[in-house]
Amino acid sequence: MAIDQATVWETRPAAGSDNNGGAFIAGASGTDYSQQDSAQIAYTDLVIDASDAKKLTSSGHPFTSAHVGNTIKITGGTGFTTGRYQVLSVAAGVATMDRNVGTTSSTGGTGNLGGALATLAAAWTDGVTSNTYWLKGTLTVTSALTMARAVTSSDAGPNKIIGYGTVRGDGTRASWTTSSNSVDLIQFTQAKGYYFQNIEFSSSAGTPGFGLNAKTSNNSTGIVLDNCLLHGFNKAIRGDFSGDFGFVSIVLYRCRVYSCTSHGIHNDGGTFLLASYVHDNGGDGILQGNQSSMKPGVILVWRSVIKSNAGKGVNCQMQADEANGARFPIVIESDLLNNGGDNLYVQGNPTGIIAINSIIDSAGGYGINNLLSYFMFQVLGSIAWRANTTADTNNVPKSPSDVTLTGDPFTARGSDDFTLNSTAGAGAACRAIGQPVVFPP
């Protein structure tokens, strides 16, 4: 056997130790001793059974039913194999572990049961696919963590990395950061099935690396970020298929991407921005590059704001054909504002464009710029246009349901309050054109 897929890990950088057990099997009958700074028990007299190398005893700290589901870090002892082992059952003071702990009849083993770890790398190294990793406080790193696990239909679910403040599930973000030059936080290598929640990813380096980077071997997919912040990187998300690879699908929900020296998000696969904010990056807010060999995918911007990026807001440089599938931007109930170039730019060979119930305002270039003179399809409706420097559109016909605003529609865009005001010709005009007016149609 090995570490259970239901295992839940605990990392507390300021208080834990990588010599602690650090994990508990969710649903086990024992008491979870991983959610504390120090080990529950420090063993110095472990003995491996004479006939079964999976069985352990201790005269100083006999095993009890409370220990079932906990993890022991074996740190030493002649005949013992160092590593983390899980207590599967206890009978008459004898613990049965998940696998052989060493050589039968060995004595004098040392180790620690329970207690949190100090680094996520230690947990990740000993964990397996579908494990959950809780992170409390601030994790400062000097090298990237490589993630290569690929979830399949036979696994228990995605790999989960979740931050918290005081109590698990409190919604407070933990911090994962670096001040080292050219260091990425995470490098994915053909990875599949990851869920990150409540984490602030950042770099304070003078020459920053990337936040989430799709590295070699092949494309990664099924990456979800929920309630995360990403800032201070060269690019927060890099899947540009230039030397390395890309993300076939990556989802950002309730996230902010800002203050990166280059693009906020650069991914040549499917990029889904949901209820999120991408702003003040040194390049484009979102860039999908011109890579015909990358997996096809749309850019979806739903109920999100893309604002004040030095380059374009959404930059779609696409290759698409019937064999490789469709690539096109979808912008629904979103705001594209104050970007240095076009708010939405499309070139290459896109199959179409969808933009509905959105505000496209104050672009340094066009509101929407289609470098070609055609689309296979176009769905535009209820767009509020305002103050786009070059023009509202290029090669994109407006819809009869659109409106041109005469004033700023927001309560206070300068302080990120994007609620609509009630001013005539501004916020009130946006409310008047929203679709559908009646549902179902």
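What follows is calculated from the coordinates using simple rules that are stated; it is not laboratory data. The shown structure was predicted, so the numbers you read here are calculated from the model rather than taken from an experiment. Cβ atoms come from the backbone with ideal geometry, glycine included; neighbour counts cover every protein chain shown.
Find out how many positive minus negative residues lie around ASN388, taking Lys and Arg as positive, Asp and Glu as negative, among other residues whose Cβ is under 11 Å from that of ASN388. Mind showing how you got there, number by number?
Values: positive: ARG386; negative: ASP342, ASP361, ASP392.
Computed value for this residue: -2.
Would you please give the residues with an amide H less than 5 Å from that of VAL151, counting only those at least 5 places away or on a separate chain, with H modeled from the backbone geometry? Residues meeting the amide H criterion: LYS192, GLY193. So if R0 is 45 Å, what FRET efficiency would THR64 and SER182 give, r being the distance between their Cβ atoms, rounded to the nearest 0.05? Calculated transfer efficiency: 0.35.
Residues whose amide H comes within less than 5 Å of that of LEU139, counting only those at least five positions distant or on another chain, are SER175, TRP176, THR177 (H built at 1.01 Å from N in the peptide plane).
Adding -39500 (n - 2.57) for every DSSP H run of four residues or longer, then dividing by how many residues the chain holds, sets the calculated 222 nm ellipticity at -1000 deg cm²/dmol. Computed over region 7-113, relative contact order equals 32 percent, with contacts defined as Cα pairs under 8 Å that lie 6+ residues apart. Across region 7-113, the convex hull enclosing all Cα atoms gives 80 Å³ per residue.
If you take the Cα centroid of region 106-128 and the Cα centroid of region 207-266, the two points sit 30 Å apart.
Quote the relative contact order of region 133-172 in percent (integer), defining contacts as alpha-carbon pairs under 8 Å separated by 6+ residues.
On the way: 29 pairs, mean separation 20.3, N = 40.
It rounds to 51 percent for region 133-172.
Report relative contact order for the chain in percent, whole number only (criteria: Cα-Cα under 8 Å, sequence separation at least 6). Can you show the working numbers first?
Working: 1448 pairs, mean separation 34.5, N = 441.
Relative contact order here is 8 percent.
Scalar couplings 3J(HN,Hα) for region 194-211, obtained by applying the Karplus form with A = 6.51, B = -1.76, C = 1.60 to θ = phi - 60°, are 9, 10, 10, 9, 6, 10, 9, 8, 7, 9, 10, 6, x, 10, x, x, 9, x Hz; x denotes Gly and Pro. In order along region 282-288, the Karplus-derived 3J(HN,Hα) couplings, from 6.51 cos²θ - 1.76 cosθ + 1.60 at θ = phi - 60°, round to x, x, 7, x, 10, 10, 10 Hz, and Gly and Pro are given as x. Evaluating kT/(6 pi eta Rh) at 10 °C and 1.306 mPa s, with the Kirkwood radius of region 48-87 over Cα pairs in the Stokes-Einstein relation, gives 142 µm² s⁻¹. Highest mean first, the peptides 409-419, 180-190 sorted by other C-beta atoms within 10 Å per residue fall in the order 180-190, 409-419. Around the amide H of ASP98, modelled in the peptide plane, lie the amide H atoms of GLN86, LEU88, all under 5 Å away and 5 or more residues distant in sequence or on another chain. If the segment from THR172 to THR207 were pulled out straight at 0.36 nm per residue, it would be longer than the present Cα-Cα gap by 9.8 nm.
What share of Cα pairs, in percent, lie more than 38 angstrom apart in the chain? Walk me through the intermediate numbers first.
Working: 33893 of 97020 pairs.
Here the long-distance tail beyond 38 Å is 35 percent of all Cα pairs in the chain.
Measuring spread by the Cα atoms of region 114-184 yields a radius of gyration and Dmax of 13.3, 39 Å. Taking the charge dipole of region 7-113 about its Cα centre, with +1 at Lys and Arg Cβ atoms and -1 at Asp and Glu Cβ atoms, the residue from GLY21, THR110, GLY83 reaching farthest to the positive side is GLY83. Non-local lysine pairs in the chain, meaning eight or more places apart or on different chains, with alpha-carbon distances under 15 Å, amount to 8.
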